[in-house]
Amino acid sequence: MHIAVYPGSFDPITNGHLDIIRRAAGLVDKLYIAVLVNKQKKCMFTPQERVGFIEQAVEGIINVEVVSYDGLLVEFCKKVNAKAIIKGLRVITDYESEAQMALINKKIEPDIETVLLVATENYSFISSSIIKELASYGSDISEMVPTHVQEAIVKKWREES
Ligand code: ADP
């Protein structure tokens, strides 16, 4: 059984993330989406909210499971018996940090491989932070995130302003 983990903050999930999820789910028997709980990083949504948004977005993809984790990614991978970490590469500047993380993870756990999937062209400019910024100016983000996520972001900005 081929098991992989797709980790990230997913604050919140975008159509770019979803594209990677669909493509990765097609490559393995089981894909865990691991939502990083990082107390240092200030997120717009709680880990529970982020998990909930992803669960709603991946409904129907049967080999995907969404979980939150804190601690070392490779430890989580070992726990669920995953042999691969999936990451998305948008622009060449992503490569530097992704390659560094891949090398560190390989050093800690040589049996786990990092697999980098190149973003689909139409999604390569999308990031969670860009979407939050656009939404804060009232821009239309409907083509970049699932509808339920769009509604949640708009609601959040209304509450905060
Ligand atoms: P971000 O805040 O940069 O969107 P995340 O931690 O949520 O970052 O991203 C998790 C993973 O998904 C990373 O490997 C990142 O490169 C990838 N990713 C994020 N957005 C996209 C996209 N639009 N297309 C492909 N991969 C993406």
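The values are calculated or read from the model by the stated rules, or taken from the named source; none is laboratory data. As the structure is a prediction and not an experimental result, all values here were calculated from the model. As a convention, Cβ positions derive from the backbone with ideal geometry for all residues, glycine included, and neighbour counts pool all protein chains shown.
For this structure, a couple of remarks:
- Per this entry, Ala57 is not counted among residues that are over 19 Å from Ile141 (Cβ atoms) and surrounded by 14 or more Cβ atoms within 10 Å (Cβ to Cβ).
- Residue that is farthest from Gly8 (Cα to Cα), among those in the stretch 104-134 that are more than 14 Å from the ligand (Cβ to nearest atom) and touching a residue at least 12 places away in the same chain (Cβ under 8 Å): Asp111
- Output for the stretch 101-134, where each listed residue is among the β-branched types (Val, Ile, Thr) and either exposed (fewer than 12 other Cβ atoms within 10 Å of the Cβ) or out of contact with any strand residue (DSSP E or B) (no Cβ under 9 Å at 6 or more places or on another chain) (or both): Ile104, Ile108, Thr120, Ile126, Ile130, Ile131
- Of all residues in the stretch 34-70, exactly one satisfies the criterion of being of a type in the set (Lys, Arg) and away from the ligand (no atom under 13 Å from the Cβ), namely Lys39.
- Residues (part of a helix (DSSP H, G or I), at pLDDT below 95 and either aromatic (Phe, Trp, Tyr) or within 16 Å of the chain's Cα centre (by Cα) (or both)) located in the stretch 53-96: Asp94, Tyr95
- Out of Ile104, Ile130, Ile126, one residue alone is in contact with a Gly (Cβ under 8 Å, 6 or more places away or on another chain) and either within 20 Å of Gly52 (Cα to Cα) or outside any strand (DSSP E or B) (or both). It is Ile126.
- Inside the stretch 135-156, residues that are surrounded by 15 or more Cβ atoms within 10 Å (Cβ to Cβ) and either part of a helix (DSSP H, G or I) or not aliphatic (A, V, I, L, M) (or both) make up a count of 7.
- Verdict on Leu31 being more than 29 Å from Lys155 (Cα to Cα) and either buried (at least 16 other Cβ atoms within 10 Å of the Cβ) or within 15 Å of the ligand (Cβ to nearest atom) (or both): yes
- Scanning the stretch 19-28 for residues that are surrounded by 19 or more Cβ atoms within 10 Å (Cβ to Cβ) and within 12 Å of the ligand (Cβ to nearest atom) yields Ile20, Ile21, Ala24.
- Check on Ser142, within 15 Å of the ligand (Cβ to nearest atom) and not hydrophobic (A, V, I, L, M, F, W, C): no
- Test set (1) under 16 Å from Ser68 (Cβ atoms); (2) within 9 Å of the ligand (Cβ to nearest atom) - Thr14 fails condition number: (1)
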